[in-house]
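A quick write-up on the structure given underneath.
All of the numbers you see were taken from the coordinates with simple rules; none came from a lab. Remember, predicted model here, so these are calculated numbers, not experimental data. Cβ: placed from backbone, ideal geometry, glycine included. Neighbour counts: every protein chain shown.
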Amino acid sequence: MSRDIATRAAGRFQKHGPPWSRLENSWVPRAPSRIDKRPLDFENAPAELRPTSTEFSMTYIVTDACVRCKFMDCVEVCPVDCFYEGENFLVINPDECIDCGVCEPECPVDAIKPDTEDEADGKWLRVNADYAKVWPNITVKGEPPADREEFERETGKFEKYFSEKPGTGS
């Protein structure tokens, strides 16, 4: 009986083609069937249909609430040291974040969110990615700003107070 199943599976693959099939002059992904459990062949697909490195992964982002607060509790728990420090703001490098989520509950002002909760234009993901390239890495919790309590619950802080200057790092 098992030989019969293997023969049918081989015939089905020959009949229906590889996981990427040509349909109406365009390449479309074909979901694997119950029999064909091989991963999709992205290397042979047209470039515009290949997933980008971040298309299937998620990351966490630091948002407006961190500006002028910068508690840095999140830095201590990050297992991959993906935080970067500005003068009055922290960012997460989305290429280094492993989506473990341990930093999110550590932030007392709820500034860390999954990138699925980003604004529609992807503002915070872009801010995090851009400044992670130019700011120094921070791996040890530093001293938060003395006036942080004045700004904890204020909104719209990014436009009012954000500084592009790098922090000291660690």
Query - Condition check for Val102: loosely packed, with under 15 Cβ neighbours inside 10 Å and at negative phi - result: yes
Query raised in the report: Looking at (1) surrounded by fewer than 15 Cβ atoms within 10 Å (Cβ to Cβ); (2) among the hydrophobic types (A, V, I, L, M, F, W, C); (3) within 15 Å of the chain's Cα centre (by Cα), which is the only condition Ala132 fails?
Result: (1)
Report task. Within the range 74-95, count every residue that is touching a Gly at 6+ places or on another chain (Cβ under 9 Å), farther than 13 Å from Lys165 by Cβ and of a type in the set (Phe, Trp, Tyr). Result -> 0
Report summary line: The one condition Ala146 fails out of (1) closer than 13 Å to Ile61 by Cβ; (2) part of a loop (DSSP other than H, G, I, E, B); (3) among the aliphatic types (A, V, I, L, M) is (1)
